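The values are calculated or read from the model by the stated rules, or taken from the named source; none is laboratory data. Keep in mind that this is a model prediction, so the values were computed, not measured. Please note: Cβ atoms are built from the backbone with ideal geometry, for glycine as well, and neighbour counts cover all protein chains shown. All accessible areas refer to the heavy atoms of the entire protein, side chains included, with ligands and DNA or RNA removed. Shrake-Rupley method; radii C 1.70, N 1.55, O 1.52, S 1.80 Å.
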Amino acid sequence: MGFRLFFVFFHLLFFCLFPVLGSAGAEDLQSYIVQLHPHEATASSGDAGEAVLASKMHWHLSFLEKSVAWEREKRPSSRLLYSYHTVFDGFAAQLTEEEAAALRELPGVASVRADRRVELHTTYSYRFLGLDFCPTGAWARSGYGGGTIIGVLDTGVWPENPSFDDRGMPPVPARWQGVCQGGEHFNATNCNRKLIGARFYSKGHRANYPTNPSDAVSLMEYVSPRDAHGHGTHTASTAAGAAVAGASVLGVGAGDARGVAPAAHVAAYKVCWFNGCYSSDILAGMDDAVRDGVDVLSLSLGGFPIPLFEDSIAIGSFRATTRGVSVVCAAGNNGPSPSSVANEAPWVITVGAGTLDRRFPAYVRLGNGRILYGESMFPGKVDLKNGGKELELVYAASGTREEMYCIKGALSAATVAGKMVVCDRGITGRADKGEAVKQAGGAAMILANSEINQEEDSVDVHVLPSTLIGYREAVELKNYVSSTRRPVARIVFGGTRIGRARAPAVALFSARGPSLTNPSVLKPDVVAPGVNIIAAWPGNLGPSGLEGDARRSDFTVLSGTSMACPHVSGIAALIRSAHPSWSPAMVRSAIMTTADVTDRQGKPIMDGNGGKADAYAMGAGHVNPARAVDPGLVYDIDPADYVTHLCNLGYTHMEIFKITHAGVNCTAVLERNAGFSLNYPSISVAFKTNTTSAVLQRTVTNVGTPNSTYTAQVAAPHGVRVRVSPATLTFSEFGEKKSFRVAVAAQSPAPRDNAEGYLVWKQSGEQGKRRVRSPIAVTWVVE
């Protein structure tokens, strides 16, 4: 996950605020999401009036009345959690297994599925992306994102943070229909022209919360849109935070903080709580956000890949997309395993994580004179010559597993007091280990990467002098400790270094393709900054996120695809501001086809595992907002084409209905669309047994200059022949469309599991600066 959860909670208060609902025993109930077939009550538009919404709720309650044996004093409304109206036709309710089974048998019910929990997956990053004050740059061309509204579904927001100051912000758009929902330590005055709306959704969370207080995790939680954990505040400010001069994390990483779209408005939808994010709450947040009038939805949450017809985010985002809302999702942090990418729906923008060229060196100087590279954001003094105090090193190589991983309560004060403790990474959070060492009397910590972490360097604002070292360095360190009678070391903090590291590179933890459920669409789509991102932080937490951290900072550092996602949400807002008539597919195309495949040194983007990053790690490449606002050509997709695509994949009538809320005859659809291929900006071919060729059609729209010509340049994947026809596209008008075919033929037998190449449409003539690039990914599927 992209943040450190810690929890302090008053159990009695929680259960007073969150009573257990329904007529059955609390231990028998769980929350379900019920999808319904179309009904006259659902025929109106998403801008439904109160009478229509009331009619829908009455219709939803009627299903509960038919399926549940109610006690005399109870009513169906006591079990209803949400009545959905915009991105989903149906409701969420608490039911027993028997009641859920009874509901499934009722006419008009399409599906009943258990609620699902998913996880939450800057002072410099905007500059790294090339966003500056140049009059021809992305900010100037888009008005800094002015007029657009980004809806952030996350843990809420800390409105007092200076990143949400509204000085200089334009008025709230007249089309905005949202509210600033009151609650615990939050009221309407907390919203302004920057933070224009805030809501919270707790019904799914509280329905799934343990009924026995002794089983619950302690937590300080706000029953309101206020953020108790920091993740939502961090992501919202990354996307659209206001300019804050002199921002830093306790003096480290100092600079001017700005969101990617600093003039965009923000609406916060709190759908995540201390035990995760439940699908019923997420759907309710998406439902309101689309009706409120957001232009972009940013979801830094998700899980493992699951079929689209079971994925509430995919289902809700389909309706959002058909209503013109761009949906941006995190790819997940389950890399580098293949096919680990989440949020795979072809109508969303799926974002992986990349690194910055900013480092926070904290070297380990061993007693034998060797120096090991590490990183830390502990606010220690910079002393490159002498470093910190030399301390005795201790590592529990022959101790218990709990001691090796520095689990709280496992360390003996007699062993670690006053010493520098080596802790293996894993099991518990990185910052937790530092707290455990400090509580046991340790004076400093070296956090050692395991083999699975390699050289990954996500830093933390530790509560004691600490540094994180890579796996190679960890092996050398442990060899030194085991071979020396009294091993010693000191940590030398090197401050903040910019421009010396090769970047961007794909983060090791960033989830990878090919897509498990749909290899014919390349995912992730792009990567964006997601490692060691500094952004806004709530005032109730120390920068480490630990309960015992009494320090306070308006900013802290987090890593994850959760941090990468809002960077792209901000870029989507810039594009929407510059091109308000563009569809979500055009916005995504602009982001993908202008992405970089080389780093700041002009070399191929590297992977966190040490090799060259491939398309399954970085998608189309690393985002480049300056080029994205002026892409030249775009690949547009009509929402109906997604339905044809699902038919092409072999989805059943009912599976497609669960996603689209519309009936479809796939036989007829495929007959009308023989040879169909989704007009996606990337080109992905999945060859099955005895299949060695495919022909795909693509259509591009000219959004650049009239009277322009583009010529195809192709690099075929290894073992594959690629032919593009026609090889030249000539446009005479703005908005003109041209189609071309891509013929792909592979060797048999398959030379490898997958291979990649690219197609670039290069503009000719005096205005030939535009390059419209599409990765070509070929996968041989074992059936």
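Annotations for the structure displayed:
- For region 361-495, the share of accessible area belonging to carbon and sulfur comes to 49 percent (1.4 Å probe, ligands and nucleic acids excluded).
- Region 256-355 - percent of accessible surface contributed by carbon and sulfur, probe 1.4 Å: 51
- Distance cut-off 40 Å, percentage of C-alpha pairs in the chain lying past it: 36
- Residues of type aspartates and glutamates that K389 reaches as a straight line, Cα spacing below 20 Å, ignoring anything fewer than 8 places off in the same chain: E375, E435
- Environment charge of G147, counting only residues whose C-beta is closer than 11 Å and scoring Lys/Arg +1, Asp/Glu -1: +1
- Looking at the chain alone, DSSP beta bridges between its own residues are antiparallel in about 65 percent of cases.
- Calculated log₁₀ intensity ratio I(q)/I(0) where the Debye formula runs over C-alpha points of region 361-495, q = 0.13, 0.17, 0.19 Å⁻¹: -0.44, -0.80, -1.03
- Packing around the peptides 158-170, 518-530, taken as the average count of other Cβ atoms within 10 Å per residue, puts them in this order, highest first: 518-530, 158-170.
- Residue pairs, from the table K56/K658; K478/K612; K194/K270; K523/K612; K523/K688, whose Cα atoms sit over 21 Å apart: K478/K612
- At R0 = 35 Å, FRET efficiency that the Cβ-Cβ distance of A413 and R500 yields, to 0.05: 0.30
- Sorted largest first by accessible area at a 1.4 angstrom probe radius, with every protein chain in place, the residues T691, T699 fall in the order T691, T699.
- Partner aspartates and glutamates whose Cα lies under 17 Å from the Cα of K738, excluding those fewer than 8 positions away in the same chain, are identified as D636, D638.
- When a 1.4 Å probe is rolled over the protein heavy atoms, the share of accessible surface on region 652-783 that falls to carbon and sulfur comes to 47 percent.
- For region 246-324: accessible area per residue (Å², 1.4 Å): 18
- Converting phi to 3J(HN,Hα) with the Karplus coefficients 6.51, -1.76 and 1.60 and the offset θ = phi - 60°, region 526-536 yields 8, 10, 8, x, x, 10, 6, 8, 9, 7, 4 Hz in sequence order, with x at every glycine or proline.
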